[in-house]
1. Specify which of the listed residues (B:ARG115, B:ARG131) is within 11 Å of chain A (Cβ to nearest Cβ), more than 30 Å from the chain's Cα centre (by Cα) and crowded, with 17+ Cβ neighbours inside 10 Å.
2. Name every residue in the stretch C:115-124 that is more than 8 Å from every other protein chain (Cβ to nearest Cβ) and either at pLDDT 85 or above or within 26 Å of the chain's Cα centre (by Cα) (or both), in order of residue number.
3. Only one residue in B:LEU104, B:LEU136, B:LEU120, B:LEU125 is facing another protein chain (nearest Cβ under 10 Å) and buried (at least 19 other Cβ atoms within 10 Å of the Cβ), so which one is that?
4. Within the stretch B:48-57, work out how many residues are charged (D, E, K, R) and outside any helix (DSSP H, G or I).
5. So which pairs qualify, if the first residue must be in the stretch C:145-171 and touching a residue at least 24 places away in the same chain (Cβ under 8 Å), the second must be assigned to a helix (DSSP H, G or I) and open to solvent by 50 Å² or more (accessible area, probe 1.4 Å), the Cβ gap must be under 6 Å, and the two must be at least 6 apart or on different chains?
6. For the stretch C:128-141, does any single residue satisfy the condition of being more than 11 Å from chain A (Cβ to nearest Cβ) and within 20 Å of the chain's Cα centre (by Cα)?
7. Answer yes if at least one residue in the stretch B:58-79 is more than 14 Å from chain A (Cβ to nearest Cβ), at pLDDT 90 or above, in a helix (DSSP H, G or I) and surrounded by 15 or more Cβ atoms within 10 Å (Cβ to Cβ), and no otherwise.
Amino acid sequence: MKRRKQRILMAKAMGVILTVMTFLILYVPILLILMLSLNDSARGYQWEGFTLKWYAMLFLDDIMKDPIVNTISIAILSTIISTILGTIFAIGIHALEKKRRVRMMVMNNVPVVNPDIVTGISLMIIFSILSFTLGFSTVLIAHVFFSIPYVILNIIPKLKRLDPNLYEAGLDLGCSRIEAVWRVIIPNISTGILTGALMAFTMSIDDFVITYFTSGNEYMNVSTWLYAALAREGRNSFTPVAYAYNTIIFLLTIIIIVFVNTRKERKVRTHEKSTCFTP
Amino acid sequence: MGKKLIELKNISKSFGDLVVLDHFNFYINENEFITLLGPSGCGKTTCLRLIGGFETPDDGEIIFDGKVINDLEPNQREINTCFQKYALFPHLNVFDNIAFGLKLKKLPKTEIVDRVHQTLKLVKLDGFQDRHISTLSGGQQQRVAIARAIVNRPKVLLLDEPLGALDLKLRQEMQYELKEMQRTLGITFVYVTHDQEEALTMSDTIVIMNEGKILQIGTPEDIYNEPKNRFVANFIGESNIFEGIMIEDYLVKFVDREFKCVDKGFHLNEAVDVVIRPEDFDFVPPSKAKIKGIVDSLTFKGVHYEINVMVDGREYTIHTTKYREVGDRVGLSVEPESIHVMRRQRS
Amino acid sequence: MKRLRFFSIPYLAWMLIFIAVPTLILIMLAFSDYSLYYPSRFEITWVNFQIFSQSYMSKAIIYSFGLSIITTLICFVIGYPVAYYLANLPEKTRKIWLALLIVPLWANMLLRIFAWEKIFTPLSIFTDLSGLSLDLLGTNTGIVIGMVGMYLPFMIFPLFSVLERMDYSLVEAAKDLGATDLNVFFKVIFPMSLGGIVSGVIMTMLPAMTSFVLPARIGLGRINLIGNIIESKFMKEVMGSGGLSINVGSLISLMLMLFSVISFVIITRFDKEGETLI
């Protein structure tokens, strides 16, 4: 018995140690980026004191203006488009009979499993066959393309949990087919739509590989701009404004997600409360 | 009873290779409480969905108030449905669920409020309007589902096993209330169930179905007392079914004995099925009885005993209030009116 | 809801355009001398296959496999106990720790790689702040550590989701039937988490094997993986290899696609609708 206890204790200790290691390996680079954004040195070879000037430059200086504007506008537009399309497609896929639904989901998951580099090259090739000029529109299409599967994957489980008669109840009470989707289905899968949209946004804003292959020479987002700067001049060639930008986007994402999650939880909790009061 | 309101003419419907409804014909009168009764998978829900407009027939016509409505959308029909498991909108509270249809009709606000409150009173849910759906009990959700449908004042209300999820006591209470509601509202109810007791209690007319076909249409009394065939007899109540021969009018032979009966119009020596309900057997002293046997088992069922009697190697089921010991020798008698003779099914 | 089926039709068309058609073109390019940008000739040929006789290509394949397999193994050895540990925490804290695993993925990938580059430089701001001096640029160890840092969460998520959903009454049942702790783990928990293991291994190994920025930066260009060769064939030496660089690149991409098809078939056997993928 004593030996068993010892073994369990050891297993637990191992779990704790490995978890600490995991968080170290994930967070050390993040902390370093944070420090670099606060470091009073353009080259960043060593710590030269605290400053906020890179943050000020981010807003006052034009140095990274174009890539930042591009990144944010692509992220917002592709999130909106892929969320709308993904929601419609998910509802359609869910309505299919099982065999076809599974087949559609298998196809849906191709871009999820496929390595980014393969997806990027596939898109680049189709764009050149269709003789699209690489730039804003091709990057937007590419981002919509890789976001839709994630939106669908987030929505399908919510649809599965719905009572299949719910939509018909809407029709029965006087909705047209489209009205019933809007008034009955959408409100009941809204959490799935929201998490899908958040996922699409976070992936678009940080994407490098797919943008790299579909943006051409002129159009750049922050990632491809950084890559070009590194390739052009080698190490330490870009301004610490990039660290400041990344830190702000990073914190913004955390704030949005925390906000959305606490709101969701509060909703659930008020629900539970009223349940408690049921006689 | 009023005029024909809905008529199904020669309706067929298949899903893939599975024929769900096979040349289906029946009609529903105004203000009628009609029940489609049958085992699960017999096509009764599909039939209801065709009337509601959620499926379209492959063949045949659905006629409502003299007009063919095959291709009408559900929202264009003066028919509302109370769904299995209710299908209440989880994102809306009680009031908004019930007001859903009225709001779509763009009625003035005051009228909506009035009608919702009236209906809430009718289903005995006064004061529940602000409650969230997830906080209601099964019985309360059931009432909201009915209220949500009848607030629109449809001509027909379709109910798909609405009491299936409730416990026995509540179910019996609701049966009575539903019947009462149908009388006061004067709406035609089309009710789907697999529970024969429910069907017998509430209906004006019962349609018995199996494998996409109608087996019998009639009042509950007709169907219980004069089942048309073996399946109906078996499905409605418990039955002892014997194979026999109709010797002549009013005389039938089964289990090698001849019995007087009230049936006529069969061929001479036609093979028939004979049904005797368990409660129609009486115990008599063995010396006076045509059928003699030994009590095999006895179960107390509350109101009555269920006694199995072994006669010539065959078990007879009897419902009686009289007590007999296992192993007793008993005689059985049956009145001529209680012997139901049916044509043998060709199968 | 059957009436809403037509909503899925445009998606089918969409996927045909962006998945099926490019794949066919990749195949065409790989087996011919067709030029994507100056379409004039078209002849079926095996000439593109000569790339596999080049030593830098075979080296890239060996390194890609070797480094990604080692990375996946390390991720699994760390990730499984961590996922198990987290899945057994009380519900509230469990969610917070999981969220903390996702958070680092929201930072820009290139900057994270660049941070690793700094960490692996013997004299850098990292040395300044932590007192540690590492010299791992241009080494396999450096690349593997960087990859583990990038892809470890992708191993943990699917494992966590199967372990969290697992019915622990089965564990109790097994103990009730006389199984020891070790038995319970190898005969009940481990086989039931197989679906998550498969997803985790593939979601770690495929990106690791096909990465190109990380090996280029941390490997200082000394260690090239398949991804680096594809990048250079498509983006840098577009007119190289006798004008056939895009065809050669297509062939290599096709090879990667083959790996992902195989992975895909394996995943689909365990999880038809991809519920462990997010």
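1. Values: B:ARG115 fails: within 11 Å of chain A (Cβ to nearest Cβ).
Exactly one residue qualifies, and that residue is B:ARG131.
2. Let us first name the residues in the stretch C:115-124 that are more than 8 Å from every other protein chain (Cβ to nearest Cβ), namely C:120-122.
Within the stretch C:115-124, C:PHE120, C:THR121 meet the criteria.
3. Numbers: B:LEU104 fails: buried (at least 19 other Cβ atoms within 10 Å of the Cβ); B:LEU120 fails: facing another protein chain (nearest Cβ under 10 Å); B:LEU125 fails: facing another protein chain (nearest Cβ under 10 Å).
The unique qualifying residue is B:LEU136.
4. Within the stretch B:48-57, the subset charged (D, E, K, R) is B:49, B:55.
If we keep only those that are outside any helix (DSSP H, G or I) too, we end up with B:55.
So the count comes out to 1.
5. Close Cβ pairs satisfying both conditions: C:VAL148/C:ILE74; C:LEU163/C:TYR84; C:MET166/C:MET192.
6. The answer is yes; a qualifying residue exists.
7. no
The rows are residues; the columns are (1) surrounded by fewer than 21 Cβ atoms within 10 Å (Cβ to Cβ); (2) in a helix (DSSP H, G or I); (3) of a type in the set (Phe, Trp, Tyr); (4) at the interface with another protein chain (Cβ under 8 Å from one of its Cβ atoms).
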residue: A:PHE89; (1), (2), (3), (4): no, yes, yes, yes
residue: A:LYS99; (1), (2), (3), (4): yes, yes, no, no
residue: A:MET107; (1), (2), (3), (4): yes, yes, no, yes
residue: A:SER131; (1), (2), (3), (4): yes, no, no, no
residue: A:LEU140; (1), (2), (3), (4): yes, yes, no, no
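The values are calculated or read from the model by the stated rules, or taken from the named source; none is laboratory data. What you see is a predicted model, and the numbers here were worked out from it, not measured in a lab. Every residue, glycine as well, gets a Cβ built from its backbone with ideal geometry; the counts of neighbours run over all protein chains shown. Surface areas here come from the heavy atoms of the whole protein model, side chains and all, with no ligands, DNA or RNA. Shrake-Rupley method; radii C 1.70, N 1.55, O 1.52, S 1.80 Å.
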